[in-house]
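To keep things clear, I will list the structure first and then write my remarks on it.
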Amino acid sequence: MAIDKATGTILAAACGQGREPDFRLFKRSQLRPHPSTELLADSGYQGLAKRHPNSRTPHKRRRKTIALTPEQQAHNRALASERVLVENVIRRLKVFRVLKETYRHRRKRFSLRVHLLAGLYNHDLKATS
C-alpha cells in the first residue's frame, strides 16, 4: 500500500494471491516510484535499497549478534515514528473486516473490494478536512 505522507491519502494498493511476501508483491506490482521519492518500508522489504536508492528500511538483528547497536536502535525508532501514519491508515481499513478476517468470497473480487475501501477512505479523508 502506497500512502502520501503529507496528506495521508492512499495512492496505490496491490493484492497478492494468498500469503505472499511483501517485497515479492512489490516487485510483481510494477509500481515504479520516481527516484526522488522517499520510500519508508517495514522489515518485510529487505533489499528494497537495491531497486530504489532513496528508501529506508529498519535494521534487523543478525543471527550471531546479541543485539542491535544503539545507533541502529535509534534509526529504527526514528523510522517507526515516521511510519506510524501508514500503520494508522491500515488500522482504519481493517475496521471494514475485509482485510482483518479470512476472506470467504470470490478471490477475483478481493482486489476490487480493497480498492473500493481505499476510495472510501480517501473520500472520508477529503470530507473531514
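Just to be sure I understand the filter: pairs with C-beta atoms under 6 Å, separated by 6 or more residues or on different chains, first member in segment 101-129 and closer than 15 Å to R91 by Cα, second member in a helix (DSSP H, G or I). Which pairs pass?
From residues that are closer than 15 Å to R91 by Cα, the pairs are L117/L93.
Report yes if E87 is surrounded by fewer than 16 Cβ atoms within 10 Å (Cβ to Cβ), at pLDDT 85 or above and out of contact with any strand residue (DSSP E or B) (no Cβ under 9 Å at 6 or more places or on another chain), otherwise no.
Details: surrounded by fewer than 16 Cβ atoms within 10 Å (Cβ to Cβ): yes; at pLDDT 85 or above: yes; out of contact with any strand residue (DSSP E or B) (no Cβ under 9 Å at 6 or more places or on another chain): yes.
Here the answer is yes, as E87 does meet what is asked.
Could you run through segment 1-21 and say how many residues are over 22 Å from K108 (Cβ atoms) and surrounded by 14 or more Cβ atoms within 10 Å (Cβ to Cβ)?
4
Every residue, every condition in (1) among the polar types (S, T, N, Q); (2) surrounded by 15 or more Cβ atoms within 10 Å (Cβ to Cβ), yes or no:
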residue	(1), (2)
L25	no, yes
Y45	no, yes
S55	yes, yes
H59	no, yes
R63	no, no
I66	no, no
N76	yes, yes
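Can you report the number of residues in segment 89-129 which are assigned to a helix (DSSP H, G or I) and touching a Lys or Arg at 6+ places or on another chain (Cβ under 7 Å)?
So the count comes out to 2.
For segment 31-77, give me the residue count where each residue is at pLDDT below 90, in a helix (DSSP H, G or I) and not basic (K, R).
Qualifying residue count, segment 31-77: 5.
The values are calculated or read from the model by the stated rules, or taken from the named source; none is laboratory data. On a predicted model such as this, the values are computed, not experimentally measured, just so you know. Using ideal geometry, Cβ is built from the backbone for each residue, glycine included, and neighbour counts are taken over all protein chains shown.
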